[in-house]
Structure formats: structure tokens, C-alpha cells
1. Given the condition in contact with a strand residue (DSSP E or B) (Cβ under 9 Å, 6 or more places away or on another chain), more than 30 Å from residue 237 (Cβ to Cβ) and either away from ligand 1 (no atom under 15 Å from the Cβ) or modelled with pLDDT under 95 (or both), answer yes or no: does some residue in the stretch 102-114 qualify?
2. For residue 51, are the conditions met, namely being touching a strand residue (DSSP E or B) at 6+ places or on another chain (Cβ under 9 Å) and more than 13 Å from ligand 1 (Cβ to nearest atom)?
3. Quick one: which residue in 327, 387 is in the same structural domain as residue 223 (by TED's automatic domain parsing), without any contact (Cβ under 8 Å) to a residue 60 or more places away in the chain and crowded, with 22+ Cβ neighbours inside 10 Å?
4. Please enumerate the residues belonging to the stretch 159-180 that are touching a helix residue (DSSP H, G or I) at 6+ places or on another chain (Cβ under 8 Å) and part of a loop (DSSP other than H, G, I, E, B).
5. Look at residue 28 and say whether it is farther than 25 Å from residue 290 by Cα, more than 16 Å from ligand 2 (Cβ to nearest atom) and either surrounded by 13 or more Cβ atoms within 10 Å (Cβ to Cβ) or in the same structural domain as residue 115 (by TED's automatic domain parsing) (or both).
6. Which condition number in (1) within 19 Å of residue 374 (Cα to Cα); (2) near ligand 1 (Cβ under 10 Å from one of its atoms); (3) in contact with a strand residue (DSSP E or B) (Cβ under 9 Å, 6 or more places away or on another chain) is the one that residue 142 fails?
7. Name the one entry in 236, 263 that is modelled with pLDDT of 95 or more and either crowded, with 20+ Cβ neighbours inside 10 Å or within 28 Å of residue 304 (Cβ to Cβ) (or both).
8. Could you list all residues from the stretch 210-249 that are touching a residue at least 12 places away in the same chain (Cβ under 8 Å), more than 9 Å from ligand 1 (Cβ to nearest atom) and either in a loop (DSSP other than H, G, I, E, B) or assigned by TED's automatic domain parsing to the domain that holds residue 146 (or both)?
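The values are calculated or read from the model by the stated rules, or taken from the named source; none is laboratory data. Since the model is a prediction, treat every value here as computed from it, not as a measurement. Here the Cβ positions follow ideal geometry from the backbone for every residue, glycine too, while neighbour counts run over all protein chains shown.
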Ligand code: NDP
Ligand code: MG
């Protein structure tokens, strides 16, 4: 692409986060291809203001009105910044569906990203999905929205991008090609920790991931391996696979990002340095490839690639994914809601680390989705709210 009129207009939801800033880094490397059209954040107003001054988007969104007013004030001081500041959660869907937007980076954390993702899918956008909780909650409804809207759904999660890169463009051939997939997991900071000591894990220990620098929630999810549980569910929808076709192996080096085991037993893998700019660049440029800014893989620096089985005593949360996938529709939304509340409680030091998976399992087993609750976004958000209330009661009981 050469002329500025053919540049793709990008909306970045969650632009102040880890994936959001990596996305802006990749976009900035290709000003001839991409234009930053809209940005959004939740709390980091100063960071969003700095992004507006640097990338000059048409719109910036903050759900909370008071923070939006503060952003307007900050931008007014900078003469010449014409960014219009929108407020309210509905404005996220507004920018994600704006007729001039070509592609949406979904990098909000949590179920809060569901509504704008569904809106972008229904509007037929190119939807680059990092926000795994949205597809875990949305499930069949999410995939229907993509199909009915004629959207292009592109994975950004590194494991799912790896699988996607190993598959041909023709989605219709995936089913006959794939025997199963293997999602790799680093094992996080507690891969070798004695399971008997998991009750003593501190917040600082939990967020210190050995291979990736990420937002707080996904870092805690990596420590419990609930992140991998959510990814198993995400893969079920992205690649239309049965629970028994989804496997996980621990690969501490994070060099192989995931693998496809074909019907003929040939194994396809995607490798690279652990840098989110690689899957982000691939989602942006698919089916082409562009420079991402990542370092090339140095094969001799990490000459050993090893594999281990995930231990159910150390990582009980991982196995809840298959349990939820085999339960009634909506169970994955229940699991996600419980986990969001349990992680928040752990981050506020109201819940023990080893109790996160206990809350998740108990909520999954005790709270049952009602018929029809998964048929609309309102129903799903209602189920999400019910599951959160249930989880909160369990959390209070465990704290007392
Ligand atoms: P961060 O916490 O770093 O960023 C989250 C972004 O979403 C921030 O811009 C934040 O705004 C915004 N946000 C938070 N809550 C809300 C809300 N309720 N409504 C609207 N916006 C909100 O998260 P990450 O970038 O680490 O992760 C984003 C998503 O990508 C997650 O779903 C994660 O699982 C997934 N992912 C992340 C990877 C990584 O390497 N970080 C890798 C693979 C997947 P503010 O900062 O202003 O509060
Ligand atoms: Mg991942």
C-alpha cells in the first residue's frame, strides 16, 4: 500500500495495556499501512492523553465520565490535538463499529470486552482478538456474530496465532486436517514449586512471570494456569474442536508457541522469541507479513526445548476447562466470571492463591446456567453477574 487513502484505519480497545501498547508499537513501524483511528482505556488517563498526542486518533474513549472530562482537559492544554473524547461503555461499541474503521484490536481485559467484540463482529470488521475472556464468555453467540456479520476473526493470543499460522487459509479444510492441537504453556513462576506451599504465594511472586511481561490479571492467570484453561476454551471456538482434541503440554522455554498434530501424525509448530508483537503483526497484516520489531530467534542461546506434563495437584485450575466444555452451555462463562472475581480478590489480598481455583471449581459446579441465557449478550451478562455474586459469597466465606 502506498497512498495514504489506502491506509487501514485501526481501533485499539484497551490501548494503555500491555497488548495495547505493543499494538501501537507495531502500528508506529508502518505509518504507510495503518492509521490509528480510535483508542480506549479505563483508568490510565495520562497514558491515554500521551497516546492521543502521539498518534492523533479521531476518537478516544473512557467509560467513566469523570475521567473522560479529565482527558478533555489534558488535551485542551495541547493546542492542535483534535481528538474527540467519548464517554460511557457504549462508546466502546461505537468506535469498534464506526463505518470508517477497518480493523479492531480487542485488547480489553475481562468480560468487559464482550459487548464491543460482538458489535465489531456483527459490523463485519477485521477483529483481532487478544481479549480471550470475551470469546470464553461469548462462546457460540460470539462465533455466530462473526459468521453473520461476515467478520474476519484473527487470533492474537500467541498460542492461537501459532495454530492459525500452521493452518492453511481455507478454513473449510481445517476439520479434515487436524487430529488435535497442543497448546504449549510455560508453567509460569510455580512450575516447580511444592504444591503444599501454594497457600503462601504472595501477589508479588504470582505476577513475576519468567518469560513474558503482561498485564496483572493474565500474569496471575498464568501462575494458576487458569490462563491456559481459558485458552483451551478459546481454541475450542476459534478452531471448532471437540474437548478431546485440545491438549496442553508444559514447555518452559516458550519458544514453540503451539502445535497442530495432523491426521497423518505430522506435527506443525510455530516458533519464535516470546514477543507479543509477532502475533500482533501477523493479525494486522494477515495474510501478508510485516516487520514486528521482535528479535530473531537465537537457536544457540536456548539449545534445549523441553516438555513436561501439567501436574493436576499443582495446577488444578487447568482441568476445569475440559469440565466446563463438557458441562451445559454457559458453564465456560460461569468459570470465567468466578475466575475474574477470585483473581481480583487475590490481587486485593482478600483471597489465598490456592483458593482461586477452589472458588472457580465450586462456582462451576454449583451455579447452573438457565435455558436461553446464552442466546443474547444481555443473557450472558446476566449469567456473568449471577456467577460473580456466587463466587463473591464463596470468597467471603473463605476469608472469614
Ligand atoms: P492490561 O491489564 O495490561 O490492559 C488492559 C486494557 O484494558 C487497558 O487498556 C485497560 O485500561 C483496559 N480495561 C481494563 N478494564 C476495562 C474495562 N472494564 N472496560 C474497558 N477497558 C478496560 O491487560 P493485557 O494487555 O495484559 O491483556 C489484555 C487482554 O489480552 C487480556 O484478555 C489477556 O488475557 C489477553 N492477552 C494478553 C497477553 C499479554 O502479553 N499481555 C498475551 C495474550 C493475551 P487502563 O490501563 O486505562 O486501566
Ligand atoms: Mg497465550
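1. no
2. no
3. None of the others qualify; the one that does is 387.
4. 167, 168
5. On the way: farther than 25 Å from residue 290 by Cα: no; more than 16 Å from ligand 2 (Cβ to nearest atom): yes; either surrounded by 13 or more Cβ atoms within 10 Å (Cβ to Cβ) or in the same structural domain as residue 115 (by TED's automatic domain parsing) (or both): yes.
For residue 28, the condition - farther than 25 Å from residue 290 by Cα, more than 16 Å from ligand 2 (Cβ to nearest atom) and either surrounded by 13 or more Cβ atoms within 10 Å (Cβ to Cβ) or in the same structural domain as residue 115 (by TED's automatic domain parsing) (or both) - is not met.
6. Single failed check for residue 142: (2).
7. Numbers: 263 fails: either crowded, with 20+ Cβ neighbours inside 10 Å or within 28 Å of residue 304 (Cβ to Cβ) (or both).
On inspection, the qualifying residue turns out to be 236.
8. 210, 211, 225, 239, 240, 241 - these are the residues of the stretch 210-249 that are touching a residue at least 12 places away in the same chain (Cβ under 8 Å), more than 9 Å from ligand 1 (Cβ to nearest atom) and either in a loop (DSSP other than H, G, I, E, B) or assigned by TED's automatic domain parsing to the domain that holds residue 146 (or both).
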